[in-house]
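None of the figures in this text is laboratory data; all of them are computed from the coordinates on show. All of these numbers come straight from a predicted model, not from anything done at the bench. Note: ideal-geometry Cβ built from the backbone for every residue, glycine included; neighbour counts use all protein chains shown.
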Amino acid sequence: MEERQMMKIHTLPMGPVQANCYVVIDEHSGEAAVIDPGDYTDELKAVLRDEVKNLKYILLTHGHYDHILGVAHIKDDYPDAKIAIHPYDSACLKCEDISLAIHVDHGIQKYVDYDLLAEEGFEAKIGDITLHTIHTPGHTLGGVCYLEETERVMFSGDTLFCRTVGRTDLPGGDWQAMVESLKRLAALDGEYTVYTGHNRSTTLSEERVRNRYLRKIPRGEL
C-alpha cells in the first residue's frame, strides 16, 4: 500500500496469473475506484469494507480474463459502482471466448454489463482525484491507460511493464498499434509512477532509459 498526498493506492496481485488489481482511494472523501479486479479476494473485500466509503468505479484497462474475473462479483456487492471499459473490449465482459477465460476453465467467468465507456478522454472522478483515460491499443484493441495528473501516476494495464511491454500475439493484438501507443506514452511530459498490469511498478523516466522498446523510439528504430 502506498500513500500519497491525497491518494492511497493498494496493489493487490490476484487471479490465475497474479495480475495487479489496484484500489485507488481519495483520502479526503473515502471515494474509490477498483482497477482491473482479476478476482474478488478476501484481501480486496477487506480493503473495500474497511477503507472505502463509496466505491464509485470499477475501471478496466482491457478485457482479458485475468483483469476482469472479479468484476461481476464486486458489482453484486456494490451495485452503484460503475463499470467502465473501452468499447472495443466491452464484449469481453459477456463472452469467455473473447476474454480468453475459456482457456482457464469453462464457466469461470460470470458475465456482467458495462455502465460506462472508457473512451479517449473519459474521466473518472473520485473525490479530488481525476483519472483521465487515454486509448493505448496494441495488447488489445480496447486497451487504455488511466492517468492522474496531480499525483503523476499512470495505471498502464498490459501496455507498459517494467523493462518490457505487453504481448501482441493474442487475438486483438497489433504490434504496430502497440508501437504507436508506446510512442505516445514515451512522449508524455514529465514524470509518472507507472502501476503496471503485472509485476512491479516503475517510473516513466526509468522506462525511457532502461526499457529496450522505449529506448528505440528516439532513434527511430521501433
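Across Gly107, Gly142, Gly63, mean-square fluctuation computed from a Gaussian network of the chain (C-alpha pairs under 10 Å connected) peaks at Gly107. Here the peptides 41-52, 90-101 are ranked by packing, the mean other Cβ count within 10 Å, and the order with the highest first is 90-101, 41-52. Can you check what the net charge comes to around Arg208, using other residues whose Cβ is under 15 Å from the Cβ of Arg208 (Lys, Arg +1; Asp, Glu -1)? Surrounding charge for Arg208 is +4. Rounded to the nearest 5, the antiparallel percentage of DSSP beta bridges internal to the stretch 2-216 is 65%. Straight-line reach from Lys8: taking Cα to Cα under 27 Å and skipping same-chain neighbours fewer than 8 places apart, the lysines in range are Lys45, Lys53, Lys56, Lys75, Lys82, Lys125.
Computed from the alpha carbon atoms alone, the convex hull of the stretch 96-222 holds 123 Å³ per residue.
Approximating the spin labels as points 7 Å out from Cα along Cα→Cβ, the Arg163-to-Gln18 distance works out to 1.5 nm. What number comes out for the charge environment of Thr130, summing +1 per Lys or Arg and -1 per Asp or Glu over other residues with Cβ under 9 Å away? Once all neighbours under 9 Å are counted, the net charge is -3.
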